[in-house]
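Here's the structure we're looking at; comments come further down.
The values are calculated or read from the model by the stated rules, or taken from the named source; none is laboratory data. Here the structure is a predicted model, which means the values were calculated and not measured. Quick reminder, even Gly has a Cβ in these numbers, built from the backbone with ideal geometry, and neighbours come from all protein chains shown. The area values use the complete protein model at the heavy-atom level, side chains included, leaving out ligands, DNA and RNA. Shrake-Rupley method; radii C 1.70, N 1.55, O 1.52, S 1.80 Å.
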Amino acid sequence: MYKRTKKYQQKVDQSTLFRMQKEHVKLQGDDLEAPQALPHLRRTIVITDYDFGEPIVHKIELIRCDRIDCYDAYVDGKLWRKRIGWSRILNGIRKALPRLRQL
């Protein structure tokens, strides 16, 4: 085992003391906050497309799922994907709205 220097041992003792003080304050405090329940509708994405003359609006609603980092995605009221993550949602939007040729 490596030898601990005096300076290192003082830092270890100090960090242990701080951690014990924090735990003591946490246990003594009455202001323990319960985690908030997540809302049913977590996010809404509204896409307005002006490329074809009149605006076309698409609404993507992301509903709470059984995992905290996933959603049930509804596009214009119809189920698009169940239990999909944020990066895959953005990837799907990117693929659904391709670039158009400049005239």
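Size descriptors for region 29-103, from the alpha-carbon set: Rg then Dmax equal 16.8, 66 Å. Other residues within the sphere of radius under 14 Å centred on the Cβ of Phe18, judged by their own Cβ, net out at +2 (K and R +1, D and E -1). Helix 6-28 axis versus longest C-alpha principal axis of the chain: approximately 70°, rounded to the nearest ten. Probing with 1.4 Å while keeping every protein chain in the model, the per residue accessible area of the chain equals 94 Å². The apolar share of the surface of the chain, taken as the fraction of accessible area on carbon and sulfur atoms (1.4 Å probe, ligands and nucleic acids excluded), comes to 54 percent. Relative contact order, whole percent, for the chain stands at 13, derived from Cα pairs under 8 Å and 6 or more residues apart.
Around the Cα centre of the chain, unit charges on the Cβ atoms of Lys, Arg, Asp and Glu (plus for the first two, minus for the last two) sum to a dipole of about 880 debye. The C-alpha atoms of the chain define a longest principal axis, and helix 86-96 lies at about 20 degrees to it. The largest accessible area among Ile56, Ile45, Ile84 belongs to the first residue in Ile56, Ile45, Ile84, and the rest follow in falling order (1.4 Å probe, all chains).
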